[in-house]
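Just so it is clear, none of the values below were taken in a lab; they were calculated from the coordinates. The shown structure was predicted, so the numbers you read here are calculated from the model rather than taken from an experiment. Because the Cβ atoms are built from the backbone with ideal geometry, glycine has one as well, and the counts that use them run over all protein chains shown.
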Amino acid sequence: MTARRSPARLGPARLGPRDVLHVGSAGLRSRPVRVVLSALGIAIGIATMIAVVGISASSKAQLMRQLDQLGTNMLVATPGESMFSGAKVTLPESATGMVGRIEGVEDVGATGLLKESVRRSEKIPEDETGGISVQAATEGLLKTLRGSVASGRWLNAASGRYPAVVLGHVAAERLGIATPGSQVWIGGRHFTVTGILAPLPLAPEVERSALTGWEGAKKHLGFDGHPTSLYERSTDASVPQVRSLMAPTIDPKSPENVLITDPSTALRTKAATEGAFNGLLLGLGGIALLVGGVGVANTMIISVLERRYEIGLRRSMGATRGQIRIQFVTESLMLSALGGLVGIALGAAATGVYAALGPMPWVVPMWAVGGGFGATLAIGTVAGLYPAVRAARLSPTLALHAA
């Protein structure tokens, strides 16, 4: 006699990845308006985070680009105060030539502050200066600063002897002068504007000045020839050596009376601290993201309540609790991922608009995109767990009966 075979034990059908995506997206396809509203919270949170990081990174990239263009090899010497009397000291008239002879120095320029004020006409009161100073400038100043003339011409050996003036771009804006050829009132006479400078990030004091020629200032404005700021540009390798030699070269007897500064330090510090307040904005974006996650959880709970008949029918046809959990977690993940993708696009677009208005480089760090999308998936998983567990615990009989 042959042994009787036991019937094969039937197991639940397995869901492949394609089946999981199909059943997970069924709820989303049937309620598009609710999906859009639920995903909006996630999108706002991610867009805020991406925009904050992207704008900060774009600003920092712009600062670093400026540093590359302007260089970090410029030093400025200014007079300090006497250690004994506390009185303001002056730099010698020969300071420019002496610094130019230091090994490694390539360009030297200087300015000398004048007591005069600049006005559009003699009819304007003297005390209404608009924060604009009048300074004498050497011919080599513009080259040393790596500046450029936005319109007109820079001072040369000829124009520098006559009542001619070049305006920094801030000074030109405050005076309401857009093109060369206009006249301004300095020291009781008219000076002709021969040029307007482009912005000079490393020399904001020059941007707010009206610059006359060195010899012209002596001839027409009583300038004593002592520089108040001396700018030098050296090779990158020789910057430390030049820094140590500048003060003793300018004033061998009292080098401590000469202050040596590096104007590029301000830009480097600004670049280093760029985004210092981003933590608050990122926190607000995180809160918006959590609020979006709560919205997703609420949507999924309502979806479970509305789809009890579907859940009961699937359970009665052999779907396991695990498959029900996977279905609703997948639905929650897809809902969150949709909001995350929209948020990334919105954040990148906001960064692009800000960069275009700058103008500045458009930078969206990939770590921010990846981190933001990962946070979206994590929140989607957490938001979908409770509704998924609740759906899996529904009794098929009670679900069908309640429906």
From DSSP H assignment alone, runs of 4+ in the chain each adding -39500 (n - 2.57), the sum over residues rounded to the nearest 500 puts [θ] at 222 nm at -17500 deg cm²/dmol
Mean Kyte hydropathy of 0.0 or more with a Cα span along the axis of at least 27 Å, helices from DSSP in the chain: 32-70, 278-306, 321-357, 366-392
As an exercise, use a Förster radius of 25 Å and the Cβ-Cβ distance of Ala158 and Ala198 to find the FRET efficiency, rounded to the nearest 0.05. 0.65
Starting from the Cα-Cα distance between Glu81 and Glu128, subtract it from 0.36 nm times their residue separation and give me the gain in nm to one decimal. 14.0 nm
Short version: ³J(HN,Hα) in whole Hz for each residue of region 194-209, in order, from phi by Karplus 6.51 cos²θ - 1.76 cosθ + 1.60 (θ = phi - 60°), x for Gly and Pro, what are they? 9, x, 10, 7, 6, x, 10, x, 7, 9, x, 5, 6, 4, 9, 10
Near the amide H of Ser151, under 5 Å away, which other amide H atoms are found, from residues 5 or more places off or on another chain, if H is placed in the peptide plane? Ile196
In the chain, what % of DSSP beta bridges are antiparallel (nearest 5)? 75 percent
Could you sort the peptides 245-252, 332-339, 30-37 by per-residue average Cβ neighbour count (10 Å cutoff), highest mean leading? 332-339, 245-252, 30-37
Could you compute the FRET efficiency for Thr235 and Val33, with r as their C-beta to C-beta distance and R0 at 51 Å, rounded to 0.05? 0.15
Can you tally the lysine pairs in region 54-187 where the Cα-Cα distance is under 26 Å and the two residues are eight or more apart, or on different chains? 4
Net lengthening on full extension, Ala356/Leu313 (0.36 nm per residue, minus Cα-Cα): 10.0 nm
